[in-house]
Amino acid sequence: MKKLIVLTFAVIWSIQINAQVENDYTEMTREVIKVEKKAAIAEAMQFTDQESKLFWPLYNEYQNKMYLVQNKRIALIKDFANNYENLSNEKADDLVTKAFGERLEALKLSKKYYAKFKKILPAGKAARFMQLEDKIETLIDAKLAVEIPLLEAN
């Protein structure tokens, strides 16, 4: 019995460590993307000093809120991966429905912040920033599309 308890504890601990390593890797990847994204935006936007002073605090606020939405997306991807082998029709439907909700939430947030960016930047520059955001997200989506397998048809 004692061996079974120790073995059970070891398995649980191993799962927790693997989950932590996976979470650490995810966060590390997100940090790299964050730094590279900021550099790409700075280069592409060519802000004046005044625009830069106003833009970056609002950008950071926007990214912090978008981070929370993206956490939902990551959770959905992990949920899909954890259930991939035995994904029921009900679970597949649940994941797609939640994915629609996450996309809608991200779109609403972008729309809200576009209005805020237009208050501090000329509309053309605010639009350019949103275009950059969309291009970067599209690149990330393309990478995910390659990595995430299609469901097996039932």
**Scan of the stretch 1-58 for residues that are modelled with pLDDT under 75 and surrounded by 13 or more Cβ atoms within 10 Å (Cβ to Cβ), ordered by number** = Thr26, Arg30
**Asked** Any chance the stretch 132-150 includes a residue that's polar (S, T, N, Q) and under 26 Å from Asp79 (Cβ atoms)?
**Response** yes
**Request:** Looking at (1) in contact with a helix residue (DSSP H, G or I) (Cβ under 9 Å, 6 or more places away or on another chain); (2) farther than 19 Å from Glu61 by Cα, find the lone condition where Phe117 falls short.
**Result:** (2)
**Message:** One residue is enough: does the stretch 90-113 have a residue meeting the conditions part of a helix (DSSP H, G or I), within 17 Å of Ala42 (Cα to Cα) and over 14 Å from the mean Cα position of the chain (by Cα)?
**Reply:** no
**Request:** Among residues belonging to the stretch 114-154 that are acidic (Asp, Glu) and part of a helix (DSSP H, G or I), point out the one that is surrounded by the fewest Cβ atoms within 10 Å (Cβ to Cβ).
**Result:** Glu147
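The values are calculated or read from the model by the stated rules, or taken from the named source; none is laboratory data. Note that this is a predicted model, so its numbers are computed, not measured. In this analysis, Cβ positions are derived from the backbone assuming ideal geometry, glycine residues included, and neighbour counts consider all displayed protein chains.
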